[in-house]
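Working notes, structure below.
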Amino acid sequence: MTLTGMKKHVGVLEQAGLVSTEKVGRVRTCKLGLRGLEEEAAWIERYRQLWAARFDELDIVVEELKRKEKSNGRKKTK
Amino acid sequence: MDVRRQSEATPTTNRTVVERKSEREVVVTRTVNAPAHVVFEAWTKAELFRRWWTPKSYGLTLLSCDMDVRVGGQYRLVFRHEDSSMEFFGTYLEVIPHSRLVWTNEEGDYGQTVTTVTFDENAGKTLLVVHDRYPSKEALDSGSTDAMPEALRQLDELLASLGSSTEKT
């Protein structure tokens, strides 16, 4: 990876709050922004929980549809 | 013999996986134990869709659910939570029976989010892939901190308030 590429990469991470950087003299030090990562993980987890709950309800609806289809004697086989 | 008291309707629970694919995209995958035409029906008939889209455990009341599932058709969901109500609405961009649905989410502050759902049947089961593409990097980036798109933020607040009894942050 080129230095320019690296800078760009770190810049994106920094913008997303995943790392923080500090420049001392010629050296720029990066630190993992743990907070950003935790927030990101928490956000993803909430997203996942919503969808998992949704899909659990979807399962119930779908099972009902399957039963109905069966008792209708598979009117359509395609 | 295995006797299930809770619900015989869910013999096995499949895993829900959420991945952030890029700065603008989130993808949710889940297998459903039914053929694609059955799953598709549950996504496209309002009277079925409304039964599962708002999980009971989230304490939301779905006041109305209108879906005109065809290309260019609109949908509108109205929810009530305590004193306030909120609306989710948009337009269907693609409708391919038993296979693919694409719609816009037009209620957000940041512009349209586009949701693509694919139904991929294999051996009687259907792999669902729900792909959300946000209008900008900022719209989703901000989603991981404070300022998510309006709809998600409201949802998020809601989840936080509902979840606060069980966990504290």
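For the reader, a short list of remarks on this structure follows.
- Checking each residue of region B:3-17 against the condition of being in a strand (DSSP E or B) and modelled with pLDDT of 90 or more gives at least one match.
- Taking the criterion of being under 25 Å from the mean Cα position of the chain (by Cα) and more than 17 Å from B:R24 (Cα to Cα), the residues of region A:12-24 that qualify are A:V19, A:S20, A:T21.
- Any hit, region A:26-48, residues being of a type outside the set (A, V, I, L, M) and at pLDDT 90 or above: yes
- Residue within region B:98-110 that is in a strand (DSSP E or B), touching a residue at least 40 places away in the same chain (Cβ under 8 Å) and more than 13 Å from the chain's Cα centre (by Cα) present: no
- Residue check for B:F40: surrounded by 19 or more Cβ atoms within 10 Å (Cβ to Cβ) and touching a His at 6+ places or on another chain (Cβ under 6 Å): yes
- The condition of being within 14 Å of the chain's Cα centre (by Cα), closer than 21 Å to B:H131 by Cα and surrounded by 13 or more Cβ atoms within 10 Å (Cβ to Cβ) holds for only one of B:T54, B:T91, that being B:T54.
- Looking across region B:70-88 at every residue that is more than 18 Å from B:K45 (Cβ to Cβ) and not in a strand (DSSP E or B), the one that is nearest to the chain's Cα centre (by Cα) is identified as B:G72.
- Residue, surrounded by the most Cβ atoms within 10 Å (Cβ to Cβ), within region B:57-69, restricted to residues that are outside any strand (DSSP E or B) and at pLDDT 85 or above: B:V69
- Members of region B:20-37 that are surrounded by 16 or more Cβ atoms within 10 Å (Cβ to Cβ) and within 10 Å of chain A (Cβ to nearest Cβ): B:R20, B:V26, B:V28, B:T29, B:R30, B:T31, B:V32, B:N33, B:A34, B:P35, B:H37
The values are calculated or read from the model by the stated rules, or taken from the named source; none is laboratory data. Fair warning: this is a prediction, and the values are worked out from it, not measured in the lab. All Cβ positions, even for glycine, are placed from backbone atoms using ideal geometry, and neighbour counts span all protein chains on display.
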